[in-house]
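Laboratory data are not the source of any read-out in this text; all were calculated from the coordinates shown. None of these values were measured; they are calculated from a predicted model. Virtual Cβ from ideal backbone geometry, glycine too; neighbours counted across all protein chains shown.
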Amino acid sequence: MIEWIRSAFDGESTPVKNIALREANDEIERLREDVQQLAAALSRHDPELAEKILCETSPNRPPGAGELREHVNAVVQEAHRASTSAGWWDNTDIHGDRHVVPAKLCLIHSEISEAMEGDRKGLMDDHLPMRQMIEVELADAIIRIADLAGALGLDLGGAVDEKMAFNARRVDHKVENRARRGGKSY
Ligand SMILES: [Mg+2]
């Protein structure tokens, strides 16, 4: 909407354009508050949907946050495509063999452990020597996570997007509550 107003008022002077943008922002804020009130009223009947709406319309939600879903799911798709075409999923029945998921989760752990060793010793990566080992091993962990999510058909992007929106409004993550006795110190 803001982009539409910017282009609609393209030929106008900056003060006129700024007034239109301010009014549009005020209107969006009023709509957001209305939707939040409706979601709060809905929570008795459908708490799951209400929580989703509250997250989506939270004032802490950064603009464009919804694009995260698309970007993360693009990583999932590409990581799983590359891994499948390299044969890493040949003769593997992820739904029939209950040991496949635990094995893949252990491989994710192993990348995190390698990242820790790299950080502990201040090493550069041996395959990409221009990069820090911690950087490359964290990338390996992301690739493995995305591959597993692809194999399981998970909407990892949607979960990342919704969890970040949820975290942005959770009370126990607010700075003042973290500073209180019993609050999360890290
Ligand atoms: Mg590695």
Original post:
Taking CYS106 and the conditions (1) loosely packed, with under 12 Cβ neighbours inside 10 Å; (2) in contact (Cβ under 8 Å) with a residue 40 or more places away in the chain, which numbered condition does it fall short on, given that it satisfies the others?
Top reply: (2)
Original post:
Among (1) assigned to a helix (DSSP H, G or I); (2) within 30 Å of VAL171 (Cβ to Cβ), where does ARG44 come up short?
Top reply: (1)
Original post:
Counting only residues that are away from the ligand (no atom under 11 Å from the Cβ) and small (Gly, Ala, Ser), how many does region 114-142 have?
Top reply: 1
Original post:
Restricting region 129-180 to residues that are without any contact (Cβ under 8 Å) to a residue 40 or more places away in the chain and small (Gly, Ala, Ser), which is nearest to ASP93 (Cα to Cα)?
Top reply: GLY153
Original post:
In the list ALA39, ALA50, ALA79, which residue meets the criterion of being within 16 Å of the ligand (Cβ to nearest atom) and on the phi < 0 side of the Ramachandran plot?
Top reply: ALA79
